């Protein structure tokens, strides 16, 4: 059983999050993708007056209708920082030792993985997945001590859309999967700015999430 773990503050969750989750699920043939809203992330402050309950509700509204999407409130119920290794260990215990776990994250986040808690052990527990962006190739090749030498022909094939997925081996023996996706330059930060400026975020958010934000006057 192949399970994706998709963590983040989701402040708010938007259509690019959902698109990436579905694309990764299809390409890697995952049984489920579990969205894990962060509680107290060690690297990022959750602010803007939006409670964990609001963020969880928005994720619930966003994933409705997709039978392959699940939600875990594991990190929200912990009073301590949301270390990814604890989440992965929890998912392994939940789905059983035979489950294959795939941790979905952004390229920039992965390249900063050296600062994560217990990173050496974390890299032995699951594979990692990130979307492929050509301008990160050189950074992947030169800046991460956790990645073995990258086959540039694989990156070229992804760049030219000759293949949808490639992988490089991590020093832990696990793999980093690179999934080619459509470019969607959407960020929660920009959405919050638009809402604060009384601009429309329509089509950037699922309709139910947009309605929830308006009804609860979030990010104003």
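Every number here is computed from the coordinates shown, using simple stated rules; none is lab data. Note that the structure is predicted; figures quoted are calculated from it, not measured. Backbone-built Cβ (ideal geometry, glycine too); neighbour counts: all protein chains shown.
Key figures
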item	result
Inter-part distance where the stretch 89-123 and the stretch 153-220 are each reduced to a Cα centre, Å	19 Å
Principal-axis tilt of helix 52-63 within the chain, Cα atoms, nearest 10 degrees	70 degrees
Folded to 0 to 90 degrees: helix 84-95 orientation relative to the chain principal axis, Cα	90 degrees
Burial order of peptide ranges 96-107, 187-198 (average beta-carbon count within 10 Å, highest first)	96-107, 187-198
Residue 115 versus residue 208: modelled label distance in nm, points set 7 Å from Cα along the beta carbon direction	3.5 nm
Burial ordering of 120, 127, fewest other beta-carbon atoms within 10 Å first	120, 127
Proxy reagent accessibility, fewest Cβ within 10 Å first, across 184, 80	80, 184
When the stretch 60-187 is reduced to its Cα atoms, the Kirkwood hydrodynamic radius in Å	16.2 Å
For the stretch 2-184, share of DSSP beta bridges that run antiparallel, in % to the nearest 5	20 percent
Estimated [θ] at 222 nm from DSSP helical runs (n ≥ 4, -39500 (n - 2.57)) normalised by residues in the chain, nearest 500	-11000 deg cm²/dmol
Percent of Cα-Cα distances greater than 26 Å, calculated over the stretch 2-128	15 percent
Nitroxide proxy distance, nm - points 7 Å out along Cα→Cβ at residue 220 and residue 71	2.3 nm
